[in-house]
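**Student:** Encoded as structure tokens, here's the structure I'll be asking about.
The values are calculated or read from the model by the stated rules, or taken from the named source; none is laboratory data. The model shown is predicted, which means the values in this text are computed figures rather than measured ones. Ideal geometry is used to build each Cβ from the backbone, glycine not excepted, and the neighbour counts take in all protein chains shown.
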């Protein structure tokens with residue numbers, strides 16, 4: 001069972017996104033995601049958040065919110081607990097040479113138009129609605145979202 005963090009850095013109406021195009025073997029290959037990665041031994045969600053954002057972007061967060069936990073279940077990649085954050089203040093300069101892919105500021109209204117995981121649309125909507133802390137389970141069969149459960153209640157996939 002993996003633990004990871006994912007953070008959406010907000011600059012006004014834009015979010016910093018990472019287009020995952022640099023690694024040959026990458027479960028997120030060619031997708032657009034927020035900033036984050038895997039926990040290291042002994043890290044808390046906040047420790048991992050701060051380290052991953054600094055490593056991938058060069059920025060040091062100074063204000064963030066823990067927004068929810070997303071349980072990903074995949075028949076190809078196993079199970080992962082993703083700790084979801086947003087941030088709106090930092091110091092430093094954005095690096096231009098991220099090892100994971102290409103960093104780009106994108107209008108938040110256009111995020112769901114990008115090639116993203118289907119389940120990401122659910123939590124991006126919750127973030128935009130400023131929903132209280134939530135638990136979201138997303139079960140994938142290959143790249144297809146097979147089930148979504150929000151705070152213990154199954155969602156109807158056709159309406160997402």
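**Student:** Residue check, residue 76 against (1) over 16 Å from residue 9 (Cβ atoms); (2) touching a strand residue (DSSP E or B) at 6+ places or on another chain (Cβ under 7 Å), all met but one. Which one?
**Tutor:** (2)
**Student:** For the range 27-46, does any single residue satisfy the condition of being part of a loop (DSSP other than H, G, I, E, B), within 16 Å of the chain's Cα centre (by Cα), surrounded by fewer than 16 Cβ atoms within 10 Å (Cβ to Cβ) and without any contact (Cβ under 8 Å) to a residue 24 or more places away in the chain?
**Tutor:** Yes; the residues of the range 27-46 include at least one that is part of a loop (DSSP other than H, G, I, E, B), within 16 Å of the chain's Cα centre (by Cα), surrounded by fewer than 16 Cβ atoms within 10 Å (Cβ to Cβ) and without any contact (Cβ under 8 Å) to a residue 24 or more places away in the chain.
**Student:** A further question follows. Can you pull out every residue in the range 129-160 that is in contact with a helix residue (DSSP H, G or I) (Cβ under 7 Å, 6 or more places away or on another chain) and either surrounded by fewer than 16 Cβ atoms within 10 Å (Cβ to Cβ) or over 22 Å from residue 78 (Cα atoms) (or both)?
**Tutor:** 160
The rows are residues; the columns are (1) modelled with pLDDT of 95 or more; (2) touching a strand residue (DSSP E or B) at 6+ places or on another chain (Cβ under 9 Å); (3) surrounded by 19 or more Cβ atoms within 10 Å (Cβ to Cβ); (4) more than 17 Å from residue 8 (Cβ to Cβ).
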residue	(1), (2), (3), (4)
21	no, yes, no, yes
24	no, no, no, yes
63	yes, yes, no, no
84	yes, yes, yes, no
88	yes, yes, no, no
96	no, yes, no, yes
112	no, no, no, no
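**Student:** Would you point out which residue out of 58, 101, 78 is surrounded by 16 or more Cβ atoms within 10 Å (Cβ to Cβ), at positive phi and at pLDDT below 95?
**Tutor:** 101 is the lone residue from the list that is surrounded by 16 or more Cβ atoms within 10 Å (Cβ to Cβ), at positive phi and at pLDDT below 95.
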